[in-house]
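Report on one structure; see the data block that follows.
The values are calculated or read from the model by the stated rules, or taken from the named source; none is laboratory data. Small disclaimer: the values here were computed from a predicted structure and weren't measured. Please note: Cβ atoms are built from the backbone with ideal geometry, for glycine as well, and neighbour counts cover all protein chains shown. Each accessible area value is taken on the protein alone, full model and side chains, heavy atoms only, with ligands, DNA and RNA left out. Shrake-Rupley method; radii C 1.70, N 1.55, O 1.52, S 1.80 Å.
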Amino acid sequence: MVLSADQIYSTEDARRLAQRRLPRLIFDFIEGAAGREIGATRNQSQFDTIMLQPRVMEDVAERSTATGLLGQQFGLPVGIAPMGMCNLVCPDADRHIAEVAKAFDIPVCLSSAASSTIENMGDWAGPLAWFQLYFGQSAEASLMMADRARDAGYETLVLTVDVPQVSRRIRDLRNGFTMPFSMTPHAFWDFATHPRWSLSTLRNGAPSPKNFTGTDGANTFDRGASRAGANWDFLRTLRDNWPGTLIVKGVTSGEDARQVCRLGADAVYVSNHGGRQLDSVPPAIDLLAIIREAVGPDVPLLFDSGVRSGEDVVKALALGADFVMIGRPALYALGAGGAPGLMQLLTCFAEDISVVLAQLGVRSIADLGPRSLFPSPVADQTRRQAPTPLHIAAKT
Ligand SMILES: Cc1cc2nc3c(=O)[nH]c(=O)nc-3n(C[C@H](O)[C@H](O)[C@H](O)COP(=O)(O)O)c2cc1C
């Protein structure tokens with residue numbers, strides 16, 4: 001079956017097309033995960049065990065997908081998760097993400113390891129641009145990076161805390177994936193057999209991590225560098241230094257979530273990094289209810305890992321998330337068809353969310369809650385009461 005961007009009706013369509021169009025080295029970098037990739041698979045399969053409760057005769061003719069988060073209003077309860085080196089999938093991928101984010105009025109989080117500069121993304125996406133910070137070579141270097149984002153006008157900082165050490169990703173090891181590229185015979189053959197990708201990449205220049213100059217010892221990029229020195233003191237210092245909204249990404253334990261809140265973060269971002277860091281990690285969707293219970297009803301929770309459709313977005317919101325970020329699907333769509341591919345996939349997500357709301361008899365995102373789950377934990381609980389982790393309870 002031959003697909004083009006306008007024939008993307010689902011993440012799976014985008015994935016299939018991207019797999020055909022991208023060199024294997026690149027596709028595997030996007031799709032790959034830690035170890036045997038069981039954690040990444042489980043992230044998705046666990047969504048399939050969650051069921052939603054349709055409701056009828058609720059007059060859902062007027063529905064809205066608009067969502068407020070941390071003082072900002074968005075068109076959808078969805079944003080683009082931070083991902084390093086997006087321009088590997090197609091030239092100008094970061095700029096395309098910004099354009100599509102503007103079209104849908106959704107946030108886009110630029111990675112520390114992005115293939116575009118902090119300043120460029122700030123110009124392209126304006127107030128929709130968030131910046132994701134890694135603890136780098138030192139606390140000072142990390143704080144300098146945050147200062148740079150602040151100076152470029154960013155108001156939202158996302159500190160990623162779940163990469164003390166980049167995990168062993170077997171596909172990348174087998175393919176000899178390094179950053180920047182080393183042109184092995186294997187890579188040469190891979191690129192030669194994907195001339196469309198290779199020619200466009202050649203024309204635009206090989207992507208590189210653009211926020212590291214490489215000329216200054218304190219500001220060089222090393223993908224495998226240890227970030228294991230990060231500690232709670234760093235979060236405390238960052239909180240004191242960052243004047244805007246601070247979100248902590250990669251939290252999977254209730255206790256850690258409470259500590260993140262105690263140290264003054266504005267929101268907790270529940271994520272297992274799409275299974276890219278630890279193969280035996282629990283499926284992220286199972287963690288939502290646990291973390292909601294730990295932090296209480298008022299702390300905003302963002303969520304990612306395993307979301308592949310608008311219906312998955314609705315499930316995460318019903319289980320306690322306030323906002324959902326998507327990772328790999330965005331890169332599949334860009335690899336499949338550039339900006340039109342991503343536009344098309346987000347249209348699928350937006351339509352899906354709206355149609356699912358109608359099925360559930362719900363008019364707005366804020367009205368989603370445990371009542372939309374099947375079986376409902378408690379028939380008429382309001383959203384802010386943490387749902388019992390149904391699928392966990394069912395297994396015990
Ligand atoms: C190619 C790729 C690069 C990524 N780079 C980063 C990164 O630089 N910083 C970060 O916090 N998360 C990074 N992530 C993780 C995503 O932000 C997100 O947590 C994950 O992709 C969600 O899972 P999903 O892909 O199943 O949606 C990356 C993910 C992918 C697929």
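The single condition among (1) under 29 Å from S226 (Cβ atoms); (2) away from the ligand (no atom under 13 Å from the Cβ); (3) of a type outside the set (F, W, Y) that S112 does not satisfy is (2).
Within region 267-280, residues that are more than 16 Å from P329 (Cβ to Cβ) have Cβ atoms under 7 Å from residues that are open to solvent by 10 Å² or more (accessible area, probe 1.4 Å) and more than 14 Å from the ligand (Cβ to nearest atom) in these pairs: A267/L70; A267/V299; A267/P300; V268/C261; V268/V295; V268/V299; D279/G35; D279/R36, counting only partners at least 6 apart in sequence or on another chain.
Looking at the structure I just gave you, is M121 within 16 Å of the ligand (Cβ to nearest atom), more than 21 Å from A366 (Cβ to Cβ) and either more than 17 Å from the chain's Cα centre (by Cα) or not small (G, A, S) (or both)? Show your work before the answer.
Details: within 16 Å of the ligand (Cβ to nearest atom): yes; more than 21 Å from A366 (Cβ to Cβ): yes; either more than 17 Å from the chain's Cα centre (by Cα) or not small (G, A, S) (or both): yes.
So M121 fits the description; yes.
For A18, the test of being surrounded by 14 or more Cβ atoms within 10 Å (Cβ to Cβ) and hydrophobic (A, V, I, L, M, F, W, C) is passed.
Every residue, every condition in (1) under 26 Å from Q277 (Cα atoms); (2) within 15 Å of the ligand (Cβ to nearest atom); (3) not charged (D, E, K, R), yes or no:
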{"residue": "A146", "(1), (2), (3)": "yes, yes, yes"}
{"residue": "F188", "(1), (2), (3)": "no, no, yes"}
{"residue": "R223", "(1), (2), (3)": "yes, yes, no"}
{"residue": "T245", "(1), (2), (3)": "yes, no, yes"}
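Residues satisfying the criterion are present in region 282-291 (criterion: surrounded by fewer than 21 Cβ atoms within 10 Å (Cβ to Cβ) and over 20 Å from E37 (Cβ atoms)).
Name the single residue that is modelled with the highest pLDDT among those in region 155-180 being part of a loop (DSSP other than H, G, I, E, B) and away from the ligand (no atom under 15 Å from the Cβ). Quick ask: steps written out before the conclusion?
Our first condition is that a residue be part of a loop (DSSP other than H, G, I, E, B); within region 155-180, this holds for 155, 161-169, 176-180.
Now restrict to residues that are away from the ligand (no atom under 15 Å from the Cβ): 155, 168, 176, 180.
Details: E155: 98, R168: 94, G176: 90, P180: 71.
This residue is E155.
Screening A366, A330, A350 for residues that are under 18 Å from the mean Cα position of the chain (by Cα) and surrounded by fewer than 20 Cβ atoms within 10 Å (Cβ to Cβ) leaves exactly one candidate, A350. Checking each residue in region 311-327 for being near the ligand (Cβ under 9 Å from one of its atoms) and either part of a helix (DSSP H, G or I) or surrounded by fewer than 24 Cβ atoms within 10 Å (Cβ to Cβ) (or both) picks out only G327.
For V60, the conditions (1) over 17 Å from P329 (Cβ atoms); (2) open to solvent by 50 Å² or more (accessible area, probe 1.4 Å) are fulfilled apart from (2).
Each residue in region 129-154 was checked for being surrounded by fewer than 20 Cβ atoms within 10 Å (Cβ to Cβ), part of a loop (DSSP other than H, G, I, E, B) and modelled with pLDDT of 95 or more, and 2 pass. Scanning region 299-307 finds no residues that are touching a residue at least 12 places away in the same chain (Cβ under 8 Å) and open to solvent by 40 Å² or more (accessible area, probe 1.4 Å). Apart from one condition, S198 fits all of (1) open to solvent by less than 40 Å² (accessible area, probe 1.4 Å); (2) within 14 Å of T160 (Cα to Cα); (3) hydroxyl-bearing (S, T, Y); the exception is (2).
Of G79, G126, G71, G35, which residue is within 11 Å of the ligand (Cβ to nearest atom) and either crowded, with 23+ Cβ neighbours inside 10 Å or modelled with pLDDT of 95 or more (or both)? Before the answer, list the steps.
Details: G126 fails: within 11 Å of the ligand (Cβ to nearest atom); G71 fails: within 11 Å of the ligand (Cβ to nearest atom); G35 fails: within 11 Å of the ligand (Cβ to nearest atom).
Of G79, G126, G71, G35, the one residue that is within 11 Å of the ligand (Cβ to nearest atom) and either crowded, with 23+ Cβ neighbours inside 10 Å or modelled with pLDDT of 95 or more (or both) is G79.
Could you count how many residues in region 85-105 are in contact (Cβ under 8 Å) with a residue 60 or more places away in the chain and either assigned to a loop (DSSP other than H, G, I, E, B) or open to solvent by less than 10 Å² (accessible area, probe 1.4 Å) (or both)?
10
Among the candidates G244, G296, G337, G250, the residue that is surrounded by 24 or more Cβ atoms within 10 Å (Cβ to Cβ) and at pLDDT 95 or above is uniquely G337. Listed by first and then second residue, the pairs with beta-carbon distance under 8 Å, at least 6 apart or on different chains, first residue in region 326-345 and in contact (Cβ under 8 Å) with a residue 40 or more places away in the chain, second within 12 Å of the ligand (Cβ to nearest atom) and acidic (D, E), are I326/D304; G327/D304; R328/E31.
Select from region 269-309 the residues that are within 18 Å of I30 (Cα to Cα), among the charged types (D, E, K, R) and touching a strand residue (DSSP E or B) at 6+ places or on another chain (Cβ under 9 Å) and write down the one among them that is nearest to the ligand (Cβ to nearest atom). The selected residue is D304.
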